[in-house]
Amino acid sequence: MDKILIRGGAPLRCTVAIRGAKNATLPLMAAAILAEKPCTLHNVPCLHDIFTMDKILSDMGMAVEFTGRYMHLDSSSMNSVEAPYDLVRKMRASFFVLGPLLGRFGKARVSLPGGCAIGARPVDIHLKGLEALGATIRIESGYVEAEGALTGADITLDFPSVGATENMIMAACRASGVTRLSNVAREPEIVDLAQFLNTLGARISGAGTDLITIVGVDALSGGEHTVIGDRIEAGTFLLAAVATHGDVTVQGAQSEHLTAFLGKLEESGATIEIGANRIRAKAANGFEGVDITTQPFPGFPTDLQAQMMAMLSVAQGVSIIKEMVFESRFMQVAELLRMGADIEVDGNTAVVRGVKNLSGAPVMASDLRASAALVIAGLIAQKGETAISRVYHIDRGYERIEERLCALGADIRRVREG
Ligand code: UD1
């Protein structure tokens, strides 16, 4: 296993290219199940989660070729509708294959994902929605067994779950008649999925609002699509810039995907400049505490909460952070405390009292975004070395993060643990 070693204190400067969004690519790959002709995705990030989805689809017989930033997917050789426990337990997004399998083949057998570090994360909204479309669902030995011809329906989600919205859109593309989904997620990744499916011949309107209408079609063809930039990766680099009193431009990210987040960065005192496909953040004169509440899009993203907390741990004044999307998403706190932060957690609220500085320490990554928070904390720490273990969590969502931070002036390297 690898470790990441950081000696903090250096302000980050210059420009970093943002990769394609992991959370957009995963459902796009699953959507290729619906396509009866080959599909090509551009701007695909090279990440462990993408390899896991590649393995799931390949095991079902799909031909997947991933070279450079291109991925070619051809479902014509698919011969299985099963996603096994061994792969689904590694990554919840594997569950995205359920909707397209049902839509295309009228049956699917997909392992239940189980809990994860940031909460119980049930799949009840996915299953309720697919049942409303006419699927018969049984839970057998830890697997969801679903079958049936789908018919359009009017469905209101109990909560705007991103994954459930994606699963239902994909299933409804091949349902007979019209499906109206309300209280759906409005994330940019949903819009990207709808655009791709429409390229394949689907008839989806309203993506990006809370009401999506899908007119079912008999078949979907092939097509090409370029994945949107990763707003969470962009936000992480911008936070690292501000936290180190640096000046960084991210290229390949759309500012309108980060409006609530950028508003909070500005409120803290950072200077933000927005250009075509690029965002610059700098904070030469320090920054102040701000209060944040995570919400579904367009609110402040839960996937940037941990990294923002790391930055706020050295802000002037007090910040109150409320986590409203997941039940236990403060995994980073115990490790930040070991680095000298002053944070108190009460239920879903954290009170962060800014300290003058952090000090490097050995810490352990626990989930993807909590690990990114530890990287930012390590970059802040003016004394000592931060050694982050279990970095496979970081590799799930950030492509060669240490090389790209190094290019921005950070003293960071990866070593083999042992
Ligand atoms: C996606 C993102 C993840 C992000 C999250 C919220 C991917 C691959 N992952 O995850 O990075 O943090 O959106 O922006 O895109 N819930 C239920 N029942 C359900 C489904 C969800 O109770 O059937 C709850 C979850 O436990 C959670 C909340 O709804 O508390 C939000 O989950 P959801 O939006 O579904 O997140 P994911 O799609 O899993």
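The values are calculated or read from the model by the stated rules, or taken from the named source; none is laboratory data. The structure displayed is predicted, hence computed values, not measured ones. Cβ atoms come from the backbone with ideal geometry, glycine included; neighbour counts cover every protein chain shown. Remember, those area values only see protein heavy atoms, side chains included, never the ligands or the DNA or RNA. Shrake-Rupley method; radii C 1.70, N 1.55, O 1.52, S 1.80 Å.
Annotations
- The simple spin-label model puts a point 7 Å past each Cα toward its Cβ; for Ile139 and Asp218 those points are separated by 3.9 nm.
- Distance from the alpha carbon centroid of the range 10-33 to that of the range 186-233 works out to 17 angstrom.
- Ranked by the mean number of other Cβ atoms within 10 Å of their residues, highest first, the peptides 124-130, 75-81 come out as 124-130, 75-81.
- Kirkwood estimate for the range 22-226, i.e. one over the average of 1/r between Cα atoms, Å: 16.4
- Taking only the Cα atoms of the chain, the ratio Rg/Rh comes out at 0.98, with Rh defined as the Kirkwood radius.
- Amide N of the range 320-347 lying under 20 Å from the label point, which is placed 7 angstrom from the Cα of Ser389 along Cα→Cβ: 331-340
- Here the range 22-226 carries DSSP beta bridges of which approximately 70% are antiparallel, counting only pairs with both residues inside.
- Mean separation of Cα contacts under 8 Å, 6 or more apart, over the residue count of the chain: relative contact order %: 21
- Stokes-Einstein, applied to the Kirkwood radius of the range 32-84 over Cα pairs at a viscosity of 0.692 mPa s and 37 °C, places its translational diffusion at 293 µm² s⁻¹.
- Highest-MSF residue in the chain out of Asp154, Asp74, Asp247 [GNM, Cα springs under 10 Å]: Asp154
- The range 22-226 - accessible surface per residue (Å², probe 1.4 Å): 37
- Additional length obtainable on full extension of the chain from Glu147 to Asn285, 0.36 nm per residue less Cα span: 43.7 nm
- For the range 281-321 versus the range 351-379, the spacing of their alpha-carbon centroids is 13 Å.
- Environment charge at Leu12 (Cβ cut-off 14 Å; Lys +1, Arg +1, Asp -1, Glu -1): +1
- Taking each of Lys107/Lys128; Lys3/Lys90; Lys3/Lys356; Lys322/Lys383; Lys90/Lys383 in turn, the alpha-carbon distance tops 24 angstrom for Lys3/Lys356; Lys322/Lys383; Lys90/Lys383.
- Placing a label point 7 Å from the Cα of Lys55 along the Cα-to-Cβ direction, the residues of the range 70-87 whose backbone N falls under 12 Å from that point are 84-87.
- Share of carbon and sulfur in the accessible area of the chain stands at 48%, probe radius 1.4 Å.
- Gaussian network model of the chain, springs between alpha carbon atoms under 10 Å - residue of Asp395, Asp86, Asp54 with greatest fluctuation: Asp86
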